[in-house]
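Each reported figure results from applying straightforward, stated rules to the coordinates on display, with no laboratory input. Remember, predicted model here, so these are calculated numbers, not experimental data. Heads up, the Cβs are rebuilt from the backbone with ideal geometry, glycines too, and the neighbour counts pull from every protein chain shown.
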Amino acid sequence: MTVLFGQLFTGVSIGAVLLLVALGLALTFGQMNVINMAHGEFIMAGAYTTYVLQQTITSAGWSLLVALPVAFAVAGALGVLLEVLLIRRLYARPLDTLLVTWGVSLMLQQAARDIFGSPNVQTRAPALLTGNVALPGGVTVANNRLFILGLAVAAVVALTLALRLTPLGRRIRAVVQNRDLAAVSGIATARVDRTTFFVGSGLAGVAGVALTLLGPIGPTMGTNLIIDAFLVVVVGGIGQLKGSVIVAFALGVLQATGEYLTTLSVAKVIVFVAIVAFLQWRPQGLFTLRTRSLA
Amino acid sequence: MSLFRGRRILAGTMAFVVAAALAACGSKTSDSTSGKGVSADVSGDTVKVGLLNSLSGTMAISEVTVRDSIMLAVEEINAAGGVLGKKIVPVGEDGASDWPTFAEKAEKLISEDRVAAVFGCWTSASRKAVKPVFEKNKALLFYPVQYEGLEQSPYIFYTGATTNQQIVPGLDYLKAQGKKSVYLVGSDYVFPRTANKIIKAYAKANGMTVLGEDYAPLGSTEFGTIVNKVKSAKADAVFNTLNGDSNVAFFKEYTSAGLNATSMPVVSVSIAEEEVKGIGTQYLKDQLTAWNYYQTTPGGANAKFVAAYKAKYGADKPTSDPMEAAYVAVYLWKEMVTKAGSFEVEKVRTAAGGITYEAPEGLVTVDGPTQHIAKTARIGKVGADGLITEVWNSGQPIKPDPYLKSYPWATGLS
């Protein structure tokens, strides 16, 4: 029983990491039809931002808090730069965006290697996040995992509210549903695109901050995550935050359960088989968006 | 008509493909027959050696430091007059943590650059990938990392530990500490799987229980489930054969699950001083490692090595076991070549047996038949400063026994 609950929490926390990583993609891929392979490197940029900030801010707790908005801005700015220089020229050509952003991701990895060196760097976790909470029944829940879960939930809530309630959110939804009509109605679609890309990339930066609490900070840290993140977005239904949320947690729990019963590699296979089977049944993903522009 | 033409095009294409394939095969066979041994280019007053390490990818964290220390040895030898009066020119290649790339680059170093010897590789997978290349070309590889044993090649010198010089002493130490059960965690490739086979055989013969065994792919960073399993198994100790940056994620997860060196010590065989820095000292405090060398190992030769390394690469750069073994490899090669009076591979091999060298880890001796070296085993504990201090050593160099022939419990493993 203890083990079962522990595993359930592990699954949910894997899901939270997936969700944080996939959320920005759900925006840029889902809403703009841009396959951004450099998303993983924006995550890396967020993680290195945390590292750099820790060189100047000695309190680990404060530097983590400062890192969240700063990493958002840094990764967001990188995203805007990518959008302005390259992606803007490639809208409606998703396969080309894939190739171009893949090249950019390789360049960013090499840049990180040149700036920070190939070995991993480490950040200090705040004392508050290194421990764990003991629940009745002998279950322990790691604080850093709880923090990431909270961060993922906060990001989803903030994004949903922004899309539903703000004028910008309305404009983004309008552009997604019918770009031409939106443009004719006086919405500056290019500006909306750029803002969307800023937010999507910025969320990758936040994911990067969270990942410093779990694993290595190195030039290739993003590549491990990018495939899983795309799976979440595609299975969830392109353009659907709701779908990404459900699928991220479902895949996390499936992965953790499969791994507990078998081994890590077999669990990965189970997850992939489940995804293939699911897409046979619903090729459009869990939820679909009714639009004219996105078939 | 169109069908006929279609057939002709098809036939033409087929003929072309077959011809191309034959041509490719032809060049391949001519390659391997000419591979009787590409002799090193020593016509000038220089001799080239190859450096083959991962400078990118998941293994870069470890292998870059090995490259640095090979370079240090090369510079020192050059400053002292070179080898047989020739200056050493290092030719570096990046294996990129990718085994086919290692094989490709090894071939390039041997056939194109015509190096006299190659220093490098870290993972056993990369060594296994290049082994046939060195054997086919009759060229020399110096392999500087501890590994799983059960191997011997006339064209490889193993300057890191084999299992009876690292893993078996590690297990002996745990047994002497009264640990009765272990949990095995490793990366999913040849070294951890073979090492764990040996550990299980040892455990069976020594009344120890293995409570579980889990593998994660190289580069894997999600250890939630594995740590949950380890925690609920309540083993006396964990034997860790994870490689590369997976260790970072593993130890972070281990610490946040509330486990530590007191509640469940971890013995690692692939984490040295450089990795301790990358993982974070607070996650590793007081955890155990099994190696043959630490930066803190006493002795004049080591003091000299550490000082030279820090002078070249920075005071904050630690030295580690694989770096030391790589550094020693270059000096051993120099001794072999000097004794042979030639760079020719067969003469160097014949001269190798019995060569001794006062290494930073203490006196090492090349064992002629196995081409491994006799080394002292050392168990260490990670300190708060990130350095590892010795808590036990074997007292004298242990003769290499890659096939564990001297251990009755190991029969049938190889």
Which residues' amide hydrogens lie under 5 Å from the amide hydrogen of B:His372, considering only partners 5 or more residues apart or on another chain, with H built in the peptide plane? B:Tyr158, B:Asp367
Using a 7 Å offset from the Cα along the Cα-to-Cβ direction at both A:Leu86 and B:Tyr357, what is the distance between the two label points in nm, to one decimal? 4.5
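Two decimals, Cα atoms only, Kirkwood Rh: what is Rg/Rh over segment A:1-281?
On the way: Rg = 18.8 Å, Rh = 19.3 Å.
Rg divided by Rh gives 0.98.
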Could you pull out every residue, at least 5 positions away or on a different chain, whose amide H is within less than 5 Å of the one on B:Val118? Hs are placed 1.01 Å off N in the peptide plane, and Pro or chain starts have none. B:Gly50, B:Leu140, B:Leu141, B:Phe142
Fewest Cβ neighbours within 10 Å first, please rank A:Phe42, A:Phe72 accordingly. A:Phe72, A:Phe42
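At a 10 Å Cβ-Cβ cut-off, how would you order B:Thr255, A:Thr263, B:Thr65, fewest neighbours first? Intermediate results must be reported in sequence, preceding the final value.
On the way: B:Thr255 22, A:Thr263 18, B:Thr65 25.
Lowest count first: A:Thr263, B:Thr255, B:Thr65.
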Rounded to a whole number, the mean other protein chain Cβ count within 10 angstrom for residues of B:212-224 is 6
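Enter the mean number of other protein chain beta carbons within 10 Å of the beta carbon of each residue in A:209-219, as an integer.
Values: counts 0, 0, 2, 1, 2, 9, 12, 14, 3, 10, 3.
Per residue, the average neighbour count from other chains is 5.
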Please give the Cα centre distance for segment B:46-107 versus segment A:243-271, rounded to the nearest Å. 41
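Would you be so kind as to identify all helices of chain B, as entire DSSP H runs, whose Cα atoms reach 15 Å or more along the helix's own axis and whose mean Kyte-Doolittle hydropathy is at least -1.0? Show your work: numbers first, answer last.
Numbers: long enough: B:2-34 (48 Å, 0.57); B:60-79 (29 Å, 0.65); B:99-111 (18 Å, -0.32); B:124-137 (20 Å, -0.83); B:190-205 (23 Å, -0.01); B:246-256 (16 Å, -0.26); B:300-313 (20 Å, -0.16); B:321-340 (28 Å, 0.16).
Helix filter hits for chain B: B:2-34, B:60-79, B:99-111, B:124-137, B:190-205, B:246-256, B:300-313, B:321-340.
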Got a sec to turn the phi values of segment B:361-373 into Karplus ³J(HN,Hα) couplings, 6.51 cos²θ - 1.76 cosθ + 1.60 with θ = phi - 60°, whole Hz, x for Gly and Pro? 7, x, 5, 10, 10, 7, 8, x, x, 9, 6, 9, 10
Restricting to DSSP H runs of at least four residues, report the calculated mean residue ellipticity at 222 nm for chain B, -39500 (n - 2.57) per run over all residues, nearest 500 deg cm²/dmol. -14000 deg cm²/dmol
Residue-by-residue Karplus 3J(HN,Hα) for segment A:56-63, coefficients 6.51, -1.76, 1.60, Hz, glycine and proline x: 9, 9, 6, 6, 4, x, 4, 5
Determine the distance separating the Cα centre of segment B:116-157 from the Cα centre of segment B:359-400; give it in Å without decimals. 21
Whole-Hz Karplus couplings 3J(HN,Hα) for segment A:13-27, θ = phi - 60° and coefficients 6.51, -1.76, 1.60, Gly and Pro as x, run 6, 4, x, 5, 4, 4, 5, 4, 5, 7, 4, x, 5, 4, 6
Averaged over residues of B:226-234, the number of beta carbons from other chains lying within 10 Å of each residue's Cβ is 4
Report the calculated FRET efficiency for B:Asp385 and A:Phe272 (r = Cβ-Cβ distance, R0 = 35 Å), to the nearest 0.05. 0.20
Amide H neighbours of B:Thr209 under 5 Å, at least 5 residues apart or on other chains, H built in the peptide plane: list them. B:Ser181, B:Val182
Filter on B:Lys48/B:Lys136; B:Lys108/B:Lys375; B:Lys128/B:Lys175; B:Lys200/B:Lys277; B:Lys138/B:Lys334; B:Lys105/B:Lys197 - keep pairs with C-alpha separation over 24 Å: B:Lys108/B:Lys375; B:Lys128/B:Lys175; B:Lys200/B:Lys277; B:Lys105/B:Lys197
Cut-off is 10 Å between beta-carbons; in what order do B:Leu150, B:Leu84 appear when sorted fewest neighbours first? B:Leu84, B:Leu150
Quick check: from the Cα gyration tensor, does segment B:206-249 come out rounded (a/c under 1.5), prolate or oblate? prolate
Overall dimensions of the protein assembly as shown as given by Cα atoms, namely Rg and Dmax in Å: 27.9, 88
Nitroxide proxy distance, nm - points 7 Å out along Cα→Cβ at B:Ser153 and B:Lys304: 3.2
Between the alpha-carbon centers of segment B:291-358 and segment A:61-121, tell me the distance in whole angstrom. 42
Quick note, chain B: a/c under 1.5 would make it rounded; otherwise a/b > b/c is prolate and the rest oblate (a ≥ b ≥ c, C-alpha gyration tensor); here it is oblate
